[in-house]
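**Q** Could you have a look at this structure, given as structure tokens, before my questions?
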Ligand code: NI
């Protein structure tokens, strides 16, 4: 293990310490390692579109939006090679939450996730891509 010494502004250090505390890290080092890992993962996905990855796609959608459930299912069947599994929760009379685990080349996983999130009736969502390198 290497020991790094870095210099940052007082304000940024205070914000970083607040983040460390808020997220429950025991020390700055583990928080810093996680931030670096996150950025490195993004860099891998940007540099290597074909990088093997797994991802979670999570979104809220309107149960009453006409044909949306069928469109989402069709999309998953059309991309069964990317779709590992899906969990659906009926949050209320109107609202559903779905989380889908994806696996495949980063560019295909991201394209699929974007197409789902862009569907009419999907209210908000997020994809978290993690390269397997
Ligand atoms: Ni539902």
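**Q** Could you calculate the contour length gain from residue 99 to residue 80, that is, 0.36 nm times the residue separation minus the distance between their Cα atoms, to one decimal place in nm?
**A** Full extension from residue 99 to residue 80 adds 5.3 nm.
**Q** Under the Kirkwood approximation applied to all pairs of distinct alpha-carbon atoms, what is the hydrodynamic radius of the stretch 1-74 in Å?
**A** 16.5
**Q** Just to compare against my own numbers: the Cα pair-distance distribution for the stretch 17-60, 10 Å bins, whole % per bin, please.
**A** The distribution over the stretch 17-60 is 23, 34, 34, 9, given as percents.
**Q** Take the chain, drop everything but the C-alpha atoms, weight them equally and run the Debye formula without solvent; then report log10 I(q)/I(0) at 0.11, 0.14, 0.19 Å⁻¹ to two decimals.
**A** -0.55, -0.78, -1.03
**Q** If I take every Cα pair under 8 Å that is 6 or more residues apart in the stretch 52-131, average their sequence separation and divide by the length, what percent do I get for the relative contact order?
**A** Contact order relative to length: 50 percent.
**Q** Once you place label points 7 Å from the Cα toward the Cβ at residue 1 and residue 48, how far apart are they in nm?
**A** Simple spin-label model gives 2.7 nm for this pair.
**Q** With axes computed from alpha carbons, what is the tilt in degrees of helix 68-78 against the longest principal axis of the chain, rounded to the nearest 10 within 0 to 90?
**A** 80
**Q** A further question on this structure: According to the square roots a ≥ b ≥ c of the eigenvalues of the Cα gyration tensor, what is the shape class of the stretch 69-133, taking rounded for a/c under 1.5, prolate for a/b larger than b/c otherwise, and oblate for the remainder?
**A** Prolate.
**Q** Nearest 10 degrees, 0 to 90: what angle lies between the long axis of helix 10-22 and the longest principal axis of the chain (Cα atoms)?
**A** Computed tilt is about 50 degrees.
**Q** Pick from 77, 93, 64: which residue has the top mean-square fluctuation in a GNM of the chain where Cα pairs under 10 Å get a spring?
**A** Highest fluctuation of the listed residues: 93.
**Q** Could you calculate the FRET efficiency of residue 132 with residue 25 from 1/(1 + (r/R0)^6), where r is the beta carbon distance between them and R0 is 30 Å, rounded to 0.05?
**A** 0.75
Any read-out appearing in this document is the output of simple, stated calculations on the displayed coordinates, not a laboratory observation. Note that the structure is predicted; figures quoted are calculated from it, not measured. With ideal geometry, Cβ positions are generated from the backbone for all residues, glycine too; neighbour counts draw on all protein chains shown.
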